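Notes follow once the structure below has been shown.
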Amino acid sequence: MGLGVIGLSLKDFDSLTPSEFEEIYKAYDNYQTQVNKLTQRSAWMRTRFIAKSIFQVHSKKVIKDQDILEFDWEKTQEQNTIGLNTKEAFVNAIKRFSDV
């Protein structure tokens, strides 16, 4: 794993303690997870573009990408936090943390 997939040299691999190798592996795994997430997003965006292109031919109005499908990562910060800045949410937060 350390020599082939991660790309450590034999000298570097031999000099690592198990806990150091574990941290390197965690960082590598996190990197791979982010790459996979971006790859999946890209595939979904391509699919949406193809669907939009097919529908646009049959429509008189201009179709936006979000008219076909809006992804969670495209929502604005305001849409994601709707209702969190209300007085009721503030009072509930005070009640939860007053016991701490």
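Write out, first by first residue and then by second, each pair whose Cβ atoms fall under 6 Å of each other, whose residues are 6+ apart or on separate chains, and whose first residue, in segment 60-71, is touching a residue at least 12 places away in the same chain (Cβ under 8 Å) and within 20 Å of R41 (Cβ to Cβ) while the second is part of a helix (DSSP H, G or I) and among the small types (G, A, S).
These pairs meet every condition: I68/A51.
In segment 61-99, which residue that is among the aliphatic types (A, V, I, L, M) and at pLDDT below 75 is farthest from the chain's Cα centre (by Cα)?
Out of the qualifying residues, it is I94.
Can we say K60 is out of contact with any helix residue (DSSP H, G or I) (no Cβ under 9 Å at 6 or more places or on another chain), loosely packed, with under 10 Cβ neighbours inside 10 Å, in a loop (DSSP other than H, G, I, E, B) and not acidic (D, E)?
Yes.
The values are calculated or read from the model by the stated rules, or taken from the named source; none is laboratory data. Being a predicted model, the structure only gives us computed values, none of them experimental. With ideal geometry, Cβ positions are generated from the backbone for all residues, glycine too; neighbour counts draw on all protein chains shown.
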